[in-house]
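The values are calculated or read from the model by the stated rules, or taken from the named source; none is laboratory data. In this text, all values refer to a predicted model and were calculated from it rather than measured experimentally. Note that we place each Cβ from the backbone using ideal geometry, even for glycine, and neighbour counts take in every protein chain shown.
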Amino acid sequence: MRRLLAFLLLSALAVAGAVWLADRPGEVTIHWQGWRLDTTVPVLLATVALLTVLLSLLGRVLRLVVGGPGRMLAARRTRLTRKGYVALSDGLAAVASGDSRQATRLARKADKLLKDQAVTGLLTVRAAEISGDPATLRARYETMTERPETAYLGFKGLMDLALRQGDRDAARAHATRALALQPGAEGLAGVLFDLQMEAGLLAEAELTLGIARRHSVLPSAELAHRRALVLFARAEAAEKSGDAAAALALALDSRDAEPSFVPAVAMAARLHRAKGKPRKAESLIRSTFRVAPHPLLTAEWAALGQADSPLDRVKRMRILAEDNPAAACGHVALAEAALAARLWGQARTHLEKALEQQPSRHVLALLAQLERDERKDEAAALAWLARSGDAGTGPAWTCGGCGRTAPAFSVACPACHAPGRMEWR
């Protein structure tokens, strides 16, 4: 409605103006370069309007002629871009379906049409991943590292590729760059920590844990265990270099990070004993044994009474066993002390308790020894030994990665060298 009113108003004004000019034609004389032109105002205005229209039409024709090739090229680029994005979309669908051949073909097509690796890089990477082409993968990942928007994905991809190829040093370098770009990336800090621990870069591993703690990318329990592990490794290095004071301080820090970390407690107790501070060693062992009983602790507890008589050793071991009556290793240690003191009744009582709680070949062997020493009953001893075939060896330090067992705890698995995987089970 508004447009109609505006049109009618403009038409009325135009008609009124034309009538007004027709009633007042006037005269116009133009002198130019010896030429004289006499006309009326309406004719002059009509001539100017006609020239304006002609010039406008001429301009449009010239733009069509001059700009035609450019528009044709732009249209062609638009068509190619559209085809490129179609190839990109179809290629991602092929990746999702696991069709490596189709994905690779469409990735090349999209790369050729779009001519922008920043756009096609992800498709090419995924196509190379499912087709198993490491050379293309590496080239694409390296290209991705050149752009801030995709640099993290590039370094993360190079890290994963290096890990698959067994190049731990390259993987560690790429993981360091990736973590610097995205310190909150899930799982990355843990991988870098393991690589640094494998390489013995303990200070760097501690820094990585600091980053993980600030960005809350590791569970608190895992963070505590990893911190205890790296501090224990530093304690071992300090003790090896002859710095017992630093080793003790680091072992205590490791125990503070994870109070149930038995290897650190055992080391701290041993170092306290070596410094002539048995009471501190006893306090450490007993407080830990109540929550995390372990043969390492019973061994350190027994070592504190090396100069004791056999009966005094029995008394000593009874104190620790009573701190945690549910611990089989406490009963075993007390039974061993009782056997040495020839207290057959106590030895049998605690071996039977250990057998109920955690039957093992070692317990059965001690029962066989008891039969020989107390009753000289070889048949009963052989009967106990015969049962050892069905019993397990008992808990041992076992790698959670490769499943191999080891006689003693170590920061890294002796078989697969993975750090922090040794568990008592």
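Across segment 193-207, which residue is farthest from Thr145 (Cα to Cα) among those that are in contact with a Lys or Arg (Cβ under 7 Å, 6 or more places away or on another chain) and part of a helix (DSSP H, G or I)?
Across segment 193-207, the extreme among qualifying residues is Leu202.
Of everything in segment 391-425, what is touching a Pro at 6+ places or on another chain (Cβ under 9 Å) and charged (D, E, K, R)? Give them in sequence order.
Listed by number, the residues that qualify are Arg404, Arg425.
Only residues that are under 19 Å from Glu356 (Cβ atoms) and at pLDDT below 90: list them for segment 388-408, please.
Matches in segment 388-408: Ser388, Asp390, Ala391, Gly392, Thr393, Gly394.
Would you point out the residue of segment 378-425, among those that are farther than 21 Å from Ser260 by Cβ and among the charged types (D, E, K, R), that is nearest to the chain's Cα centre (by Cα)?
Across segment 378-425, the extreme among qualifying residues is Arg404.
I'm told Lys376 meets every condition in (1) loosely packed, with under 13 Cβ neighbours inside 10 Å; (2) in contact (Cβ under 8 Å) with a residue 12 or more places away in the chain; (3) of a type in the set (Lys, Arg) except one. Can you identify the failing condition by its number?
(2)
What's the number of the only condition in (1) surrounded by 15 or more Cβ atoms within 10 Å (Cβ to Cβ); (2) of a type outside the set (Phe, Trp, Tyr); (3) closer than 20 Å to Phe409 by Cα that Val291 fails to meet?
(1)
Scan segment 205-235 residue by residue and report those that are surrounded by fewer than 19 Cβ atoms within 10 Å (Cβ to Cβ), in contact (Cβ under 8 Å) with a residue 24 or more places away in the chain and charged (D, E, K, R).
Correct list: Glu206, Arg214, Glu222.
If the requirement is being of a type outside the set (A, V, I, L, M, F, W, C), in contact (Cβ under 8 Å) with a residue 40 or more places away in the chain and either under 22 Å from His294 (Cβ atoms) or assigned to a loop (DSSP other than H, G, I, E, B) (or both), which of these qualifies: His362, His417, His350? Break it down into steps so the answer makes sense when it comes.
On the way: His362 fails: in contact (Cβ under 8 Å) with a residue 40 or more places away in the chain; His350 fails: in contact (Cβ under 8 Å) with a residue 40 or more places away in the chain.
Answer to the check: His417.
Taking the options Ala341, Ala328, Ala302, name whichever one is out of contact with any Pro (no Cβ under 7 Å at 6 or more places or on another chain) and either over 30 Å from Ala246 (Cβ atoms) or modelled with pLDDT under 95 (or both).
Exactly one residue qualifies, and that residue is Ala328.
For segment 248-263, enumerate the residues that are under 17 Å from Leu296 (Cα atoms) and not hydrophobic (A, V, I, L, M, F, W, C).
Scanning segment 248-263 gives Ser254, Arg255, Glu258, Pro259, Ser260, Pro263.
Give, as residue ranges, the helices (runs of 4 or more DSSP H) completely inside segment 239-339 that count at least 2 residues that are touching a residue at least 40 places away in the same chain (Cβ under 8 Å).
Counting at least 2 such residues, we get 262-274.
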